[in-house]
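The values are calculated or read from the model by the stated rules, or taken from the named source; none is laboratory data. Predicted, not measured: the structure shown is a model, and the values here were computed from it. Cβ placement follows ideal geometry from the backbone for every residue including glycine, while neighbour counts extend to all protein chains displayed.
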Amino acid sequence: MSLRWSPDLLRQALTHAAGASSDYDLNPGVAPPSATLRRAGVLAGFHESDGRLILTKRASGLRHHPGQIALPGGKLDPADPDETAAALREAREEIGLDPAQLQVLGALPPHRTVTGFAVLPVVALIRGDFTPIPEAGEVEEVFTLPFAHIADPTRYHVERRRWRGDWRAYHVAPFGPYYLWGATARMLLGLAQRLGQ
């Protein structure tokens with residue numbers, strides 16, 4: 001399946017009802033902890049001109065998720081009124097993206113992670129030219145993936161690895177040198193499934 005990029009496709013996809021996703025989707029025998037989830041927001045920012053999605057490669061020296069591919073974003077700070085504000089603030093801090101360049105279209109349902117977060121994926125268009133400025137010590141690389149890759153559910157598949165003494169399954173959608181996997185891949189798969197409806 002190959003969808004031709006159009007901002008209207010994103011708008012339409014966000015109107016389709018669907019449930020929340022979780023890192024536990026593929027591991028039904030693993031019980032999630034009962035602790036209260038911490039709120040976070042990430043930005044799925046697509047260039048308005050060609051639909052390329054901005055992603056980051058986290059710095060290898062980070063304590064949590066070093067070297068992983070991620071959407072810009074993070075947990076709510078006390079000054080953030082909601083997850084959308086957190087996603088926009090973090091995108092400015094992590095990659096130098098001015099919120100004035102963004103047109104927020106909406107959000108996907110929250111995604112529950114094994115690390116105890118409820119992550120809201122905020123979907124937006126990036127207007128005009130944008131030259132990323134990676135945050136030193138946090139972001140090793142800022143890059144884009146083509147809309148045709150992100151929007152195609154057949155590009156996603158399931159892999160397994162041992163984690164905390166047991167086998168765990170997770171989604172992946174690798175592209176060239178970029179190993180898109182885990183929560184980021186699962187959230188984007190949810191968007192791809194809506195785009196195909």
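Scanning the stretch 74-110 for residues being at pLDDT 95 or above and part of a strand (DSSP E or B) gives a total of 6. Test Q103 against the criterion of being of a type in the set (S, T, N, Q) and touching a strand residue (DSSP E or B) at 6+ places or on another chain (Cβ under 8 Å), and give yes or no. Yes; evaluated as a whole, the condition is true for this residue. Has the stretch 35-49 got at least one residue that is crowded, with 19+ Cβ neighbours inside 10 Å, modelled with pLDDT of 95 or more, in contact with an Asp or Glu (Cβ under 6 Å, 6 or more places away or on another chain) and assigned to a strand (DSSP E or B)? The answer is yes, given that some residue of the stretch 35-49 is crowded, with 19+ Cβ neighbours inside 10 Å, modelled with pLDDT of 95 or more, in contact with an Asp or Glu (Cβ under 6 Å, 6 or more places away or on another chain) and assigned to a strand (DSSP E or B). Pairs meeting the criteria (first residue in the stretch 163-184 and touching a residue at least 60 places away in the same chain (Cβ under 8 Å) and farther than 19 Å from A70 by Cα, second residue in a loop (DSSP other than H, G, I, E, B) and of a type in the set (D, E), beta carbons under 9 Å, at least 6 apart or on different chains) are R168/D23. Here A148 meets the list (1) within 15 Å of the chain's Cα centre (by Cα); (2) of a type in the set (A, V, I, L, M); (3) surrounded by fewer than 20 Cβ atoms within 10 Å (Cβ to Cβ); (4) closer than 24 Å to R4 by Cβ almost entirely, failing just condition (1).
One line per residue, one yes/no per condition, for (1) at pLDDT 95 or above; (2) in a loop (DSSP other than H, G, I, E, B):
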{"residue": "E135", "(1), (2)": "no, yes"}
{"residue": "E140", "(1), (2)": "no, no"}
{"residue": "F143", "(1), (2)": "yes, no"}
{"residue": "H149", "(1), (2)": "yes, no"}
{"residue": "T154", "(1), (2)": "yes, no"}
{"residue": "E159", "(1), (2)": "yes, no"}
{"residue": "A169", "(1), (2)": "no, no"}
